[in-house]
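This report concerns only the one structure given below.
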Amino acid sequence: MLVILVLAAGGGGYVYFRHGHGAALSFNAVATARGELTATVTATGTLNPVVNVTVGSQVSGIIYKLNVDYNSIVKSNEIIAEIDPSSYQAAVEQATADLANAKANLELQQAEANRSSNLFTNRLISGSDYDTAIATLHEAKATVQIKVASLNNALVNLNYCKIRSPVDGVVIQRAVELGQTVASSFNTPTIFQIANDLTKMQIDANVAEADIGGVFGGQSVDFTVDAYPNRTFHGLVAQVRNSPITVNNVVTYDTVISVTNADYKLKPGMTANVAIIVARREDVLKIPNLALRFRPPENAVVLTNAVGGVPLTNDVASGKSPHTIKNARGLRTVYILTGEPDAPQLKPMLVKTGITDGIFTEVTAGLNEGDKVVASVAQTDAQNSGSESGSSPFGSRFPHH
């Protein structure tokens, strides 16, 4: 008798598991609801002053004075540094002396020309001598003009020894030290960087080419910086530049975002994590993105002959699968949970989607508020659960004794 019971139990177990009853399916469903939805484009960028002026030197020499330092507030035309003027002062004095010498020679040549004119009138000198005197006079006048230009150039170089701020602003960088020699050649050496107004800044964000189509001027922007992780700052898209930036075959576009920095919390060079608000909807029907990615397992009961949602009578009648219809029409397929709790059934629904925030997606057609959309499946081993509860997986057919 015992042998018969064992064989019967083995056969019953084989039939039980063979028909897929060893695992009970349960689904995680979410009721569709209405609410606000915001679609954003994310990017990273760097905070910069709107006007950032690099101040250099047009003359070479030793830094003689430094009148400002980091974070100093400067006014336009204020002297912020000086280069040792000794050699340039000497050049001015030499140019002044050369000019005086040229003027004295001009006076002499003017007198010689007048004398030659009288002698030529009285036919006491030849015409060639007279022409030579006049030419010498003109040469002396030209020499005076040359010396005047040389003096002006020396004065300009002497004036360049005093380095002035071109704008009102704040010094954000000082690149030289007192006593350091700066050499002006083909490239002007950088001495200071001055930000015109730190209450108005901009973010240069790199937006991927896949997202740039939805970005345009005037859109609102939310961003954070690592220095203030619990605070969200705001800005506006000021410009989308057409010049592409290609790094490792990845194409991005510089998007300029204007920012107000009235409390001076934001500093140049900070990395900003940007979220550009490309669309915002109020009171829309939305479902979790998990529902759009859900695919029923093989042993789930799917009502394939009752596809609902967006009307597609001809396609459904032709026997096409919901996924084939999706690809052809640009729609998405989700599954509605129907049936009894102990015998769940899935009904495919074709829906039209709108914007997404990465977690939820707008549904514009195909679902009603309150529909239970399947987001995932949870599979429980009925045999293990039955053993834990003390019941037999074979039911009352083989009760415990």
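Look through region 253-266, keep the residues that are surrounded by 15 or more Cβ atoms within 10 Å (Cβ to Cβ) and in contact (Cβ under 8 Å) with a residue 60 or more places away in the chain, and return whichever of them is farthest from residue 173 (Cα to Cα).
It comes out as 255.
Kindly indicate whether any position in region 145-152 is more than 60 Å from the chain's Cα centre (by Cα), among the small types (Gly, Ala, Ser) and over 18 Å from residue 64 (Cα atoms). Spell out the reasoning first.
To start, the set of residues in region 145-152 that are more than 60 Å from the chain's Cα centre (by Cα) comprises none.
Checked against the condition, which is being more than 60 Å from the chain's Cα centre (by Cα), among the small types (Gly, Ala, Ser) and over 18 Å from residue 64 (Cα atoms), region 145-152 yields no hits at all.
Any residue at all in region 173-189 that's in contact with a Gly (Cβ under 8 Å, 6 or more places away or on another chain), under 30 Å from residue 270 (Cα atoms) and exposed (fewer than 14 other Cβ atoms within 10 Å of the Cβ)?
Looking through region 173-189, at least one residue is in contact with a Gly (Cβ under 8 Å, 6 or more places away or on another chain), under 30 Å from residue 270 (Cα atoms) and exposed (fewer than 14 other Cβ atoms within 10 Å of the Cβ).
Which of the strands (runs of 3 or more DSSP E) found entirely inside region 183-276 contain at least 2 residues meeting this: among the hydroxyl-bearing types (Ser, Thr, Tyr)? Walk me through how you get there before you give the answer.
Numbers: elements: 190-195, 200-208, 220-225, 228-247, 250-260.
Fully inside region 183-276 and qualifying: 220-225, 228-247, 250-260.
Would you confirm whether or not region 219-236 contains a residue that is surrounded by 13 or more Cβ atoms within 10 Å (Cβ to Cβ) and touching a Gly at 6+ places or on another chain (Cβ under 6 Å)? Quick ask: steps written out before the conclusion?
As a first pass, look at region 219-236 and keep what is surrounded by 13 or more Cβ atoms within 10 Å (Cβ to Cβ): 219-225, 233, 235-236.
Those left that are additionally touching a Gly at 6+ places or on another chain (Cβ under 6 Å): 221.
Taking every residue of region 219-236 in turn, at least one turns out to be surrounded by 13 or more Cβ atoms within 10 Å (Cβ to Cβ) and touching a Gly at 6+ places or on another chain (Cβ under 6 Å).
Exactly one condition in (1) loosely packed, with under 13 Cβ neighbours inside 10 Å; (2) not in a helix (DSSP H, G or I) is false for residue 125; which is it?
So residue 125 meets the others, but not (1).
Can you name every residue in region 67-95 that is farther than 18 Å from residue 173 by Cα, surrounded by 15 or more Cβ atoms within 10 Å (Cβ to Cβ) and among the acidic types (Asp, Glu)?
84
What are the pairs, 6+ residues apart or on separate chains, where a residue within region 206-223 that is assigned by TED's automatic domain parsing to the domain that holds residue 271 and closer than 11 Å to residue 251 by Cβ has its Cβ under 7 Å from a residue that is surrounded by 13 or more Cβ atoms within 10 Å (Cβ to Cβ) and aromatic (Phe, Trp, Tyr)?
Listed pairs, sorted by first residue: 207/253; 209/253; 212/253.
The values are calculated or read from the model by the stated rules, or taken from the named source; none is laboratory data. All values reported here derive from a predicted model rather than from experimental measurement. No Cβ is skipped: glycine too gets one built from the backbone with ideal geometry, and neighbour counts run over all protein chains shown.
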